[in-house]
Each structure stands twice: as C-alpha cells, then as structure tokens.
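What follows is a set of notes on a single structure, which appears directly below.
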Amino acid sequence: MLNFILPLFLSSEEPSSSSTQGGTNAWEGFLSWLKESGKKIGDWFLTSDTNGRNRMTRLILALCILIVCHYLIKIIRRRIKAISGANRKRGVDVSVRSFTIAIVNVGLNLVLAFVVLRILKVDVSSLAQILSAGTVAIGLSLQNIISACASGVILLKSKYFRTGDYILVQGDSSAEGTVTSVGVRATTLDTVNGQHVVIPNDQLRKSIITNYSRNPVRRRVVDIGVDYDTDTEKCKSILLDLLYKDNRVLKDPKPMVYLTDLAEYYLNFSVRAYVENKDYWDVYLEFREKVLLAFREQNVDIPFRRFVLENYNGHSADRPKDN
C-alpha cells in the first residue's frame, strides 16, 4: 500500500496527467486493500464452527454475559453485606464480613472470566499452566506474606477477638488497645494515647492475647494501705459503704473487702468489686479519690515511709541500747 501512497507525497513537480493517473491508481489500490481487509475480518467473524456459531455471535454473547453477570455479582455482594449486618446484636464481625465479601467477589469474577473465555473458544489450558507456574514462583518469593494471610484466616475463624474489642498482646510484639480492623495480613489497634499499631497476623497468632471486652462484667481489685493503729472493722465498713453507694458497682456478686497483708509499715486491705465493662475505668479512677476523702473525714491514717534521725552527744558507748 505504501507503494501507492508514498509517490503522492514525495513528488514535488506540478501534477501531470501521468501523476494524476498514478494518484487514481493509488486510491483505487487503497480502496481495494480496505475492502479485502474488511472482507477477511468479516469472514473471520462470520465463519461458523462445528457447533454452528460464528465468532461474532460468540463475541456478542460473551459481552452480554459479561455485563449481566457483572451486575449480578454486585447484587450478590450487597445481599451478603445486608444479611451479615442485618442484626447488629448477632451480626458478623466487620472484618469477617469484609474479608468474606472480598473472597466471594474474587471467586465470582474468576468464574466469570473463565466462562467468557470458554464462550470465545480461547484455549485456557496453556493459560492455566502459566498461572500455576507463576503461583509457585510467587509463593516461594512471598512466603512471609502467605504465612500472614494464613494466620489472618485462622484469627478470623477462631474469633479470639472482634473489631471494637480492647485487647492486650504479649509476646514478641507487645501492644494494648482497641481493635480497629482484623485484616488478612495484619491487625490494627488504636491505643489510649491515640497511637495506631499494626501487628502482623503471624506474630499475633503466636502471642498471648487478653481480651478485656469479651465478658460483659469485669472484677476490679484495689489495694488500700492504712496505718497499723487503724480499727480494721471501721476501715472495712468505710470501704464497703463507698462501694454500695456507687450504683455502677454490681451488688451481685456482692463487693468484698479483705485484710490481705501485714506489710512492713501498713495494713493492706483488698477491695474487690464487679462492674460492667463500660463503667470499669470510671469506677476505678474515681474510687481512690473517694477513699482518700472518706479516710480524712473518718480520721483514718494512710501510712507513708518515715525516716527518724536521732542525734546523740558524746561517745557511741553512751547511746541507749535496745532492751
């Protein structure tokens, strides 16, 4: 085709009858080539196979299936999201729901791609071999990522904790905070200081996890030290009175106060009470201040370390001896 077109641009002379004739031949050659190419493309699309379907029919059918199934997958994803979160009290955890929706979306799209390729009569056997070889190579190079993903699946299935739980992680990586997300590769926490902590799932799976939010009720133990001259029954009465006056402290199981230790310079009373999770920290932080004010009002001494210095005049032999 270039043999017909190039002379039109390379010639710098005035157009003559011979050049005009050459241009006409070039245009006719271009039209002939265009018609021949169009006929070949049309024959390729319209040639029927052994099943009696031509490529044009298969292409239109594949496009229709692709469009329809694309919207069906969207509907399925929305339906799964609606079902899993319909009842908030018994609904699926946010992390589990998002992970499940992602897996379902990937699986359905892979099935759709396979169906479309089969409709178009594309040989997928060689493609499958390439994908399998690539999977092995990727698996060898991304062992840590795959291990983290496997650990994430285990954590999501075991349900040791859920999004919104307050947990303490003790192990190679120690952290404490509220779970914000449980992903496939890592779990994120927000600490009380506003820090964002990311823990790989393979490390989290090997750690000791304390979930403070799993049970609705928690017990708090507060140790209070008083002077040895204090009336023990009076001290117990003051502490129990403070507990029973606080409506946030549960009365069943009932709060208890015990004398647990005769320490070096004080008597230790252990205050044990049950509260709901939502009131745990407020009760704990306010209780100590209430104890201090009540002890001052009832003249109960709180001990502290004292150093007594005695000054003697004369020789060391004149110092009084202990009997």
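Computed values, structure above
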read-out: Close pairs from the stretch 226-238: first under 13 Å from Asp301 (Cβ atoms), partner among the β-branched types (Val, Ile, Thr), Cβ under 6 Å, at least 6 apart; value: Val226/Val300; Thr230/Val300; Cys235/Val226
read-out: Test: residue in the stretch 147-166 that is modelled with pLDDT of 70 or more, part of a strand (DSSP E or B), surrounded by 12 or more Cβ atoms within 10 Å (Cβ to Cβ) and not basic (Lys, Arg); value: yes
read-out: Residue in the stretch 104-120 that is outside any helix (DSSP H, G or I) and at pLDDT 60 or above present; value: yes
read-out: Test: residue in the stretch 217-225 that is assigned to a strand (DSSP E or B), within 17 Å of the chain's Cα centre (by Cα) and under 30 Å from Arg248 (Cβ atoms); value: no
read-out: Pair list, Cβ < 7 Å and 6+ apart or interchain, from the stretch 197-212 residues that are open to solvent by 70 Å² or more (accessible area, probe 1.4 Å) to residues that are in a strand (DSSP E or B); value: Val198/Ala186; Val198/Thr188; Ile208/Gln170
read-out: Boolean, Ser141 is among the small types (Gly, Ala, Ser), modelled with pLDDT under 75 and open to solvent by 70 Å² or more (accessible area, probe 1.4 Å); value: yes
read-out: Which numbered condition Ala263 fails, given (1) open to solvent by less than 50 Å² (accessible area, probe 1.4 Å); (2) closer than 26 Å to Asp165 by Cα; value: (2)
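The values are calculated or read from the model by the stated rules, or taken from the named source; none is laboratory data. Remember, it's a predicted structure, so these values are computed and weren't measured experimentally. Cβ coordinates were reconstructed from backbone atoms using ideal geometry, including for glycine residues, and neighbour counts include every protein chain displayed. The area values use the complete protein model at the heavy-atom level, side chains included, leaving out ligands, DNA and RNA. Shrake-Rupley method; radii C 1.70, N 1.55, O 1.52, S 1.80 Å.
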